[in-house]
Amino acid sequence: MIFESIAPRYDLANTVLSFGLHRRWKRTLVGALRLAAGDIVLDAGTGTGDLAYLAASMDARVIGIDLSPAMLEIAARKLTRPAPLRRPPATARLDLLRGDLLRLPLGDGAVTAVMSAFVLRHLANLEQAFGELRRVLAPGGRIALLEFSQPDGWIRLFYDTYSYRVIPPLGGRLTGDRRAYEVLIRSIRNFPAPAHVAHIVQGAGFVSVRRRPLTGGIATLYTATAPAL
């Protein structure tokens, strides 16, 4: 699992390689969910916990699930130290669990919102994953999912050069694992186009499916709701 090797310096690498944009994108994602006290939020593929702690700061209960023990260990450490995006109140309820997003350890309708950042392209079966998210989401619940995409126009020229020639060597220098970043770049190239991803979301039973390009299409935010009863 590539995230085991890069976990200790994953946050630093994200900030450097994205010029800090990942923080703005994550705030946009959480804002799209319109969270309120009483919401129970699943952070699917929580990683080092950025989204989880941001949502917890809004008085929601958050359940962060990830397959990587190393990433979960980093996330747990953040409970005791403040940092950008991570300022939960002392009373915030936040649980971190190890689990597979294709077989979530949650009951039907267990959460009122689902969020995820940069996880979808690593899943072996998108249809099954969205089916699981639909299963655990209560009627009328919301999802907001962030994933990299490929921009168009002049941005594409810069983006391709930066992705292939800068990210792998710089990511390797920052984390000690260049190969991990070569794999991550390939995963972006192999991921379906946003229109197709939105179609899969709709096919899983979600309604009001929308896709919003961020920063010229470098990333895409997908939002949808579960049908109300």
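Observations on the model:
- Where the alpha-carbon atoms of region 103-163 are placed on the principal axes, they occupy 45, 23, 14 Å, in descending order.
- Annotation: amide H of residue 67 within the under-5 Å range of 99, sequence separation 5 or more or interchain, hydrogens built in the peptide plane.
- All other residues whose Cβ lies under 14 angstrom from that of residue 179 are scored, Lys and Arg at +1 and Asp and Glu at -1, for a net of 0.
- Sulfur and carbon atoms: percent of accessible area, the chain [1.4 Å]: 55 percent
- Candidates 48, 28, 15: whichever shows maximal mean-square fluctuation once the chain is modelled as a Gaussian network with Cα springs under 10 Å: 15
- Segment residue 166-residue 212, length gained on full extension (0.36 nm per residue, minus Cα span): 13.9 nm
- Neighbour net charge for residue 142 - beta-carbon separation under 13 angstrom, K R +1, D E -1: +2
- FRET efficiency for the pair residue 178 and residue 12, taken as 1/(1 + (r/R0)^6) with r the Cβ-Cβ distance and R0 = 22 Å, rounds to 0.90.
- When the Gaussian network model of the chain links Cα atoms closer than 10 Å, the mean-square fluctuations of 50, 11, 108 top out at 108.
- Those residues of region 1-36 whose amide nitrogen sits under 18 Å from the label point placed on residue 187, 7 Å along Cα→Cβ: 1-18, 22-23, 26
- Per residue value of the accessible surface for the chain (all protein chains in place, 1.4 Å probe), Å²: 46 Å²
- Using the rule -39500 (n - 2.57) for each DSSP H run of four or more residues, divided by the residues of the chain, the 222 nm mean residue ellipticity is -11500 deg cm²/dmol.
- Among 72, 101, 157, residue whose mean-square fluctuation peaks in a GNM of the chain (springs only between Cα atoms under 10 Å): 157
- For the pair residue 23 and residue 195, the difference between a 0.36 nm per residue extended length and the Cα-Cα distance amounts to 59.5 nm.
The values are calculated or read from the model by the stated rules, or taken from the named source; none is laboratory data. Every value quoted in this text rests on a predicted model; they were computed, and no experiment measured them. Counting neighbours? That spans all protein chains shown, and the Cβs are built from the backbone with ideal geometry, glycine included. These area figures cover heavy atoms from the full protein model, side chains too; ligands, DNA and RNA do not enter into them. Shrake-Rupley method; radii C 1.70, N 1.55, O 1.52, S 1.80 Å.
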